[in-house]
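The next block holds one structure in the form of structure tokens; read it before the comments.
Bear in mind these aren't lab numbers, they're just calculated from the coordinates by the rules spelled out. Here the structure is a predicted model, which is why all the values come from computation and not from measurement. Reconstructed Cβ throughout: ideal geometry from the backbone, glycine too, with neighbour counts over all protein chains shown.
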Amino acid sequence: MVPASFPALTGLVATLVPHAAPLPWYVTVIYMAAAVSFVFSLKWLNSHKTARRGVKMGEIGMAAAILATVFLPEVRHYNWIIIAGIIGSGIGILLAVLTPMTAVPQQTALSHAFGALAAALVGTAEYYSQYSHLTPMHTGAIAFESLLGYLTFTGSLIAAGKLQEVLPTRPISYPFQNPINLSVLALAVACGIWMIVSPAHALLYPLFMVLSLLFGVLLIIPIGGGDMPTVIALLNSYAGLSAAAMGFVVNNKLLIIGGALEGSSGFILSMIMCKAMNRSFLNVLFGQAKIEKAAKADDVYGGKIKTVTAEEIADILDGARRVVIVPGYGLAVAQAQHATGELFETLTARGVDVEFAIHPVAGRMPGHMNVLLAEADIPYDHLKEMDQINEQFDDVDVVIVNGANDVVNPDARDNANSPIAGMPILNVDKARTVVVIKRSLSPGFAGIPNPLFARDNCLMFFSDGKKATLDIIQALKKT
Amino acid sequence: MSTTLASNLFVFILAAFLGYEVVRRVSPQLHTPLMALTNAISAISVVGALTLAGAGYGHILLITLGAIALACAMVNVVGGFMITDRMLKMFKKRKEK
């Protein structure tokens, strides 16, 4: 059964069974402690006060586990470990230090790619070191690890490319997209099953690998920029699951725990993102661009749009006691977070109560907007979640919407026929005055007009998000 | 089902539920650092790569695969914790005047 092209590897099978030896007792104890430290690390993230302590805890657990492994008796040769360790750490440090906060989503997607590739390569090596005497269970675990690892690797690279805008952010579609994608997946799974049945058929693995890589590309290519928060969360979950699958393959419970923690975290985040857009997983992954009939922009806006200047906005803000700023994706694109921080300072100095209302899908990944605003020195107790602030908009004098559109579209709440009906929105239309900063009346990701802009209490300031904010600050200083 | 697989599955299921309960309580404000932190934690897969790269009696191809996997995992170990801390450092409360 063993093909002649793999003679070099067949000889090792007898000698190379790297994980069969039981771990020394002290290593087991260290691994247990590391698992506990990981759980505490995540637990302490539930409050700002303990969050940084949690990072320390995780680092200690990780360092202990790595050191314990490095000194295992079967680890004998250190030159490769040192070289790979230095290269990997170097890239890690550069990414961590140099990534601007606006680019954290790309960086996150890249790190999913790295994690998944590590799992996939270990799976490949496990397979080729033992393929002539694998048990079906073992092959199944390897197949699972490799499939998830390789598809998450290419999928995350595509996601990173879209976020960095080296690839088009528009959804890319072609005829028979879903049937083609699903057949590629089905073929990969069939290959995997065949491998389980006859693991010694070593030529199946390369085919399996290529199909998994291809499926990752096909899965993410059709997804548009607006769905990236869900996609990143989903890939986060996959990256975790591939690490857990590696734990099954090398029979290491610490890997299973670490991977499972990330797997469920990514799962929760993607559920939150789907709920915030009122869509299902399947709809995000396989849904085509909506072609439902939307109201014509002219019917909604015709003659009802009122524009204002920065000076007029400053006058309105001058009389305000409570102001809420709604930051959206556009604010991040315009790099307006620091100008927004300045606006916050200026208004606060004048005795205005300023808060931020943050929709769960604002920004390009879960929680991204909070990080951008925190970077602009806005204290976190002024950043409010949708549920915390939505009941209070009646009481707000001025809302400034900067670069958000669909998440403040009242049609989602009021019009059951709207394509976005049922999507949770920020009820900014209930405020006394709404100022919308936007470059034009062009629609958001949902591709539909926003009746908010035509409301009596809504004023439009057509400008770039950053320039507009700076203009308002200037005008405020003159009043 | 072998006992190893069964006990591994037990661990996986319990850890997944524990992760669910713990992560559910994380404030949405910190969801980006959360993702970076879980990425760093799951980079514990570095342990598997280490044994592969360091088993000197292995084949050169296997060692190479192990070394590449090790480098990839180390990117997340080092980068993941560092960027999490960098983000968390930025979240400040209002200064008392």
In debye to the nearest 20, the charge dipole size for chain A, taken about the Cα centre with +1 at each Lys and Arg Cβ and -1 at each Asp and Glu Cβ, equals 560
HN-Hα couplings for the range A:142-153 via Karplus (6.51, -1.76, 1.60; θ = phi - 60°), in whole Hz with x for Gly/Pro, come out as 4, 4, 4, 4, 5, 4, 4, x, 5, 6, 5, 4
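Can you tell me what percent of all Cα-Cα pairs in the range A:109-286 are more than 26 Å apart?
Within the range A:109-286, distances greater than 26 Å cover 29 percent of Cα pairs.
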Working note, the range A:89-132: Cα radius of gyration (Å, one decimal) and Dmax (Å, whole number) are 14.8, 49
Given a Förster distance of 25 Å, the FRET efficiency implied by the Cβ-Cβ spacing of B:ARG25 and B:LYS89, rounded to the nearest 0.05, works out to 0.70
Non-local residues with an amide H under 5 Å from the amide H of A:ILE400, with H modelled 1.01 Å from N and Pro and chain starts lacking one, are A:VAL324, A:ILE325, A:VAL326, A:VAL435
Checked the range A:234-383 against the a/c 1.5 cut and the a/b vs b/c comparison, axes a ≥ b ≥ c from its Cα gyration tensor; verdict oblate
In the structure shown, of A:LYS304/A:LYS438; A:LYS49/B:LYS92; A:LYS49/A:LYS275, the pairs separated by more than 19 angstrom at the C-alpha atoms are A:LYS49/A:LYS275
Gyration tensor (Cα only) of the protein assembly as shown to equivalent ellipsoid, semi-axes in Å sorted down, yields 48, 26, 18
Lys and Arg at +1, Asp and Glu at -1: neighbours of B:LYS89 with Cβ under 11 Å from its Cβ sum to +1
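Give the relative contact order (percent, whole number) for chain A; include only Cα pairs under 8 Å separated by 6+ residues.
Numbers: 759 pairs, mean separation 64.2, N = 479.
Once normalised by length, the contact order is 13 percent.
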On each of the three principal axes the extent of the alpha-carbon atoms of the range A:297-478, given in whole Å and largest first, is 44, 35, 29
Out of A:VAL371, A:PHE461, A:GLY92 - ranked by how far each Cα lies towards the positive end of the dipole of chain A, with unit charges on the beta-carbon of charged residues - the top one is A:GLY92
Once phi for every residue in the range A:423-440 is put through the Karplus expression 6.51 cos²θ - 1.76 cosθ + 1.60 (θ = phi - 60°), the whole-Hz ³J(HN,Hα) values, with Gly and Pro written as x, are 5, x, 10, 7, 7, 5, 5, 7, 6, 4, 10, 10, 10, 10, 9, 7, 6, 7
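Scaled to the compact-protein estimate 2.2 N^0.38 Å, what is the alpha-carbon radius of gyration of the range B:28-90, rounded to two decimal places?
So the range B:28-90 has a normalised radius of gyration of 1.38.
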In degrees rounded to 10, the 0-90 angle between helix A:79-98 Cα long axis and the longest Cα principal axis of chain A is 0
The rounded separation in angstrom of the Cα centers of the range A:141-172 and the range A:225-244 is 9
